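Below is one structure, written out as structure tokens, with a few remarks after it.
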Amino acid sequence: MDQDLKTELSKHGIFATTFEELYNWGRKNSVWPLTFGLACCAIEMIATTMARYDLARFGAEVFRASPRQADLMIVSGTVTKKMAPQVVRLYNQMPEPKYVISMGACAISGGPFRDGYNVLKGIDRYIPVDVHIPGCPPRPEALIHAFMALQDKISAQHLTGESRPRHLKRDLPSEFQVPELGEHGLEPQQNDEVFRNPLKVLQG
Amino acid sequence: MTLEEIRSRLEAFVPGCHAEIVVNGSPSAQNSLLIDRQHGLQAAMYLRDHPELQLDFCSNVTAVDWPDREKAEKIKTKRIVDGVEKEVEETKKTTIPGYLEVVYHLFSIAKKEGPVVLRMHTANRTDEVTLQSLTPVWRSAEFQEREAFDLFGIVFEGHPDLRRILMWEGFTDHPMRKDYVPPPDDDLEILAVSEPGA
Amino acid sequence: MTQALPSEAEQDQVMEISMGPQHPSTHGVFRMDIRLDGERVLRLKPVIGYLHRNHEKIAEAASYLAAIPYTDRLDYLCSMTNNWGYALAVEKLAGLTVPERAEYIRVIVSELTRLQNHASVVGFLLQDMGASGTPLMYAFREREKVMDLFESLSGARMMCNYMRFGGVRVDCSAEWLSQAAKVVAGFNGFLDEFERLLTGNEILMARTQGVGVLPRELAINAGVTGPGLRASGVNYDLRKVDSYGVYGRFEFRVPLGEHGDVYDRYMMRVLEMRESLRILEQALRDIPSGPFMDPKARLRGLRPKVGEAYARIESPKGELGFYLISDGSPNPYRYRVRPPSLINLTVLEDMCLGQSIADVVVILGSIDIVLGEVDR
Ligand code: SF4
């Protein structure tokens, strides 16, 4: 529908919308995050939900402790190799549609602890990430920004057509391979179906 | 009590115990006592229960890895070169065998004194890595000795529950050792070097 | 702990559960393998390492200066005290001195840290008890004020990276000091309000009194430190025992508990906050002017003499120690953190045996662990 026409109509008290818009509007304002803190960034995540920053303004104050009831996983902190299988498993247990915010340098790439022998160098090696926020730790404002970016992403989704999101495509997986704890590290070291290896992306 | 007094008492009252003072050259001047491998437990009991010491609080337990070191020494020898006796310098290399070391920092809550630093060495870094556990004396050593077992590979005899603590069961390396190499291909920078055309 | 173990016939009710690493009340990625008889705990084994970030290994490969930002991330609620512990160890190792003004600033920021840590801990404890939201919200409201102070002083809310061996990184302005004085003056009111809500609260007392008792002898033998030790009646506060820094100059009391239960541990925190406020008032009043860094301290390329040093401070969690061995090179040969959170966990099983599973959550909350420090 033409945006100008819609604005014009609304001036006359006529509210026109599409089912898609209504649906996305509802979804984007009721994203329930998983109560899931990994490290220092989790404290900033808690601070974001508290009185001063008040994430509730965006419809996301309902933190659920069970992955079955959550839509959004905020990977807030360092993912170690020992923890990585659990993170992937939790992601797999969440129902579609589900989103991931990778909060902080650690969740993106290993951050300051990148050189550690037990540190996973970015959670996007195993699960698809929707929004990355850099920072160590990102400020609560940054988390809110990431959250709004996710809301924009949701409201721009089309329910039909080729560009429809993953959860509406029946043949795309909603669960991903859980890595195994091996003798020296994780096996496999990344899930090639998910991980966009920057080197390979650069080389086309 | 000074460290020297503690040392002589230990040797006197714990039969067969051999203790040695390790001098610390830093401004902190925290010297330590090196106890022989067989009498660690008895010496610890003695230190804890002695009424003048009452080292009832074992604060810090940790391990240190000392790999094999090569020491180069220059030695002057006399040798006959071209029929003339000359003084020749030669470098002689000796390998100092490596060992693993545990360090205990003891304090006394009753007397508000400390630290008394205990050390023990394993025989080598490979197959004889057993030491006596001091967990029966101080519970606070329980998790810290497990950590030393996990990350350094020191086996504590008499520990009630010696399992890996930080890494997972099934992990085979001891990552805090100096010669530990993390698995390759883990980092993209390394990937770039190893497969240039990928 | 006094109850007898179940008989053979009852044994078939025994159930093993794994609590964590994803559990809302484990304060991060902590896991407990628990054996239960109905609701009663028969065995409890902590499983840790899910946040093992190899702090020690990384610090051994870095220079002395470069380890400071990593210490921030140990106990990520208390970056200032972590900095201090490490700075103290390097100062001992290299024989550096600290100017007076820096010592006072250190006391001020550390006591502020203690305030916000204890407030958050009590908030989290009540959250675990089921007082969903309110106490934690109050605590975080106060915490934000301290965070603002830290941010204007160091540039970061949580990861302050503020202290250096030989002093502190930047001086604090007179304005900052007066702001800090304002926060301190307001904190008493918050504590009164908090205590009115909680201390005499019947539900709180029923859930905490007589729960998770830690006997005095066990506490000492198991190396428990901090409020947990003092709740069991042991008078051992490193600020008094070692009087590191300038703590010897301040007048404050060390609160002691009697029963060693969760309620005492809660009270310890509340009372310690009051004492911290007293220290802060004195420090803010007496802070001298002068340099804030030892001019002789070399931050970059510090090469201490061969030797070792162990230094410890009273962090809000307990005795935080750093053990450094220098081999004369620019990076420490051995770098070890003595984590109070980890060692205080040793007695978790002893405190939980015979209690119900709902109490485990409360007992764990009263120990006050931060996983960044447990696993390092
Ligand atoms: S990004 Fe920084 S603050 Fe966040 S978890 Fe990693 S180290 Fe902690």
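The values are calculated or read from the model by the stated rules, or taken from the named source; none is laboratory data. Quick caveat, the model's predicted, so the values are computed rather than measured. Note that each Cβ is placed from the backbone with ideal geometry, even for glycine, and that neighbours are counted across all protein chains shown. For the accessible areas, the whole protein counts, side chains as well, though only heavy atoms, and no ligand, DNA or RNA atoms are used. Shrake-Rupley method; radii C 1.70, N 1.55, O 1.52, S 1.80 Å.
First measure r as the distance between the Cβ atoms of B:V88 and A:E183, then evaluate 1/(1 + (r/R0)^6) with R0 = 45 Å and state the FRET efficiency to the nearest 0.05. Write out the running numbers ahead of the final one.
Working: r = 51 Å, r/R0 = 1.14.
Calculated transfer efficiency: 0.30.
Can you tell me the relative contact order of chain B? Whole percent, Cα pairs under 8 Å, sequence separation 6 or more. Don't skip to the end; give the middle numbers.
Numbers: 353 pairs, mean separation 34.4, N = 198.
Over chain B, the number comes to 17 percent.
For region A:1-71, state what percent of all Cα-Cα pairs lands in each successive 5 Å bin, counting from 0 Å until the bin that includes the largest distance.
3, 14, 16, 17, 13, 9, 9, 10, 7, 3, 0
Where the accessible area of chain C is counted over protein heavy atoms with a 1.4 Å probe, how much of it, in %, is carbon and sulfur?
On the way: 6210 of 12030 Å².
Here it works out to 52 percent.
Summing both sides, how much accessible area is buried between A and C? Use a 1.4 Å probe and give Å² to the nearest 100.
Details: alone 11800 and 15220 Å², together 24120 Å².
Interface area, both chains combined: 2900 Å², rounded to the nearest 100.
Grab the eigenvalues of the alpha-carbon gyration tensor for region B:1-92, scale each by 5, take roots, and send me the semi-axes largest first in whole angstrom. Mind dumping the intermediate values first?
Numbers: eigenvalues 394, 49, 36 Å².
Semi-axes from the Cα gyration tensor: 44, 16, 13 Å.
If I take R0 = 22 Å and measure r between the Cβ atoms of C:E193 and A:E61 in this structure, what FRET efficiency does the formula 1/(1 + (r/R0)^6) give, to the nearest 0.05? Walk me through the numbers on the way to the answer.
Numbers: r = 24 Å, r/R0 = 1.07.
About 0.40, to the nearest 0.05.
Compare C:L280, C:L218, C:L126 in a GNM of chain C, Cα atoms joined below 10 Å, and give the one with the largest fluctuation.
Looking only at C:L280, C:L218, C:L126, the largest GNM fluctuation is found for C:L218.
Classify region C:176-233: rounded, prolate or oblate, from the alpha-carbon gyration tensor (a ≥ b ≥ c, eigenvalue square roots; a/c under 1.5 rounded; otherwise prolate if a/b is larger than b/c)? Please list the in-between numbers first.
Details: a/c = 5.43, a/b = 1.53, b/c = 3.55.
Since a/c reaches 1.5 but b/c is at least a/b, the shape of region C:176-233 is classed as oblate.
What residue among C:T81, C:T134, C:T346 shows peak mean-square fluctuation when chain C is described by a Gaussian network model with Cα springs under 10 Å?
C:T134
Could you look at chain A and say what percent of its accessible area is carbon and sulfur, using a 1.4 Å probe and all protein chains?
Numbers: 5140 of 9470 Å².
Whole-percent figure for carbon plus sulfur exposure: 54.
Which of the lysines could a cross-linker bridge to A:K169, judged by Cα under 30 Å and excluding same-chain residues fewer than eight apart?
A:K28, A:K98, A:K121, A:K153, A:K200
Relative contact order of region C:14-70, please, whole-number percent, based on alpha carbon pairs below 8 angstrom and at least 6 residues apart.
24 percent
Using unit Cβ charges (K, R positive; D, E negative) and no other charged atoms, how large, in debye to the nearest 20, is the dipole of the protein assembly as shown about its Cα centre?
Details: 89 positive and 106 negative charges, 307 e Å.
Dipole of the protein assembly as shown, to the nearest 20 debye: 1480 debye.
What ranking do B:95-106, A:186-197 get when scored by the average of other Cβ atoms within 10 Å per residue, highest first?
The densest-packed peptide leads the list: B:95-106, A:186-197.
Given a 10 angstrom Cα cut-off, can you work out which residue in C:G228, C:G167, C:G130 is the most mobile in a GNM of chain C?
Among C:G228, C:G167, C:G130, the largest GNM mean-square fluctuation belongs to C:G130.
Is region C:261-376 best put as rounded, prolate or oblate by its Cα gyration tensor, with a ≥ b ≥ c the root eigenvalues, rounded for a/c under 1.5, and otherwise prolate when a/b is larger than b/c, oblate when not? Walk me through the numbers before you get to the answer.
Numbers: a/c = 4.04, a/b = 1.46, b/c = 2.78.
Verdict is oblate for region C:261-376.
Order these peptides, C:192-203, B:78-89, by their mean beta-carbon neighbour count within 10 angstrom, highest first. Walk me through the intermediate numbers first.
Values: C:192-203: 13.2, B:78-89: 8.7.
For the peptides C:192-203, B:78-89, the packing ranking is C:192-203, B:78-89.
Evaluate the charge dipole of region C:104-160 about its Cα centre and quote only its size in Debye, nearest 20, assuming +1 on the Cβ of each Lys and Arg and -1 on the Cβ of each Asp and Glu. All intermediate terms of the calculation are to be shown ahead of the outcome.
On the way: 6 positive and 6 negative charges, 18 e Å.
The calculation lands at about 80 debye.
Classify chain B: rounded, prolate or oblate, from the alpha-carbon gyration tensor (a ≥ b ≥ c, eigenvalue square roots; a/c under 1.5 rounded; otherwise prolate if a/b is larger than b/c)?
Details: a/c = 2.50, a/b = 1.18, b/c = 2.12.
Here chain B falls in the oblate category.
Taking only protein heavy atoms and a 1.4 Å probe, what accessible area per residue, in Å², does the protein assembly as shown have with all protein chains in place?
Details: 31070 Å² over 778 residues.
With all protein chains present, the protein assembly as shown gives 40 Å² per residue.
Using a Debye calculation, one point per C-alpha and no hydration shell, please list log10 I(q)/I(0) for region C:34-86 at q = 0.15, 0.30 Å⁻¹ in order.
Calculated log10 I(q)/I(0) at the listed q: -0.57, -1.15.
When the helices in chain B are scored as -39500 (n - 2.57) per DSSP H run of 4 or longer and the sum is shared across all residues, what 222 nm value do you end up with, to the nearest 500 deg cm²/dmol?
Numbers: 4 runs with 40 residues, N = 198.
Computed mean residue ellipticity for chain B: -6000 deg cm²/dmol.
What does the average come to when, for each residue of peptide A:85-97, you count the partner chain Cβ atoms lying within 10 Å of its Cβ? Each step should come with its number before you reach the end.
Details: counts 1, 6, 4, 0, 1, 2, 0, 0, 1, 0, 0, 0, 0.
For peptide A:85-97, the averaged partner shielding equals 1.
In Å², nearest 100, what accessible area do chains B and C bury in total when the solvent probe is 1.4 Å? Spell out each step's value before the answer.
Details: alone 12300 and 15220 Å², together 23840 Å².
Using a 1.4 Å probe, the pair buries roughly 3700 Å².
Taking B:K92 as the anchor, which lysines have their alpha carbon closer than 18 Å to its alpha carbon, excluding any fewer than eight residues away along the same chain?
Result set, ordered by chain and number: B:K71, B:K74, B:K76, B:K78.
Using just the C-alpha positions of the protein assembly as shown as equal point scatterers, what log10 of I(q)/I(0) does the Debye formula give at each q in 0.05 1/Å?
Treating every Cα as an identical point scatterer, log10 I(q)/I(0) equals -0.28.
In whole percent, what relative contact order does region A:51-204 give with Cα contacts below 8 Å and a gap of six or more residues? Mind dumping the intermediate values first?
Working: 220 pairs, mean separation 34.7, N = 154.
It rounds to 23 percent for region A:51-204.
Return the average number of partner chain Cβ atoms within 10 angstrom of each residue Cβ along peptide A:54-66. If you can, show how the numbers build up before the last one.
On the way: counts 1, 0, 0, 0, 0, 0, 0, 1, 0, 1, 1, 4, 2.
Rounded to a whole number, the mean comes out at 1.
How crowded by other chains is C:186-198, given as the mean number of beta carbons from other chains within 10 Å of each beta carbon?
Counting other chains' Cβ atoms within 10 Å and averaging over C:186-198 gives 0.
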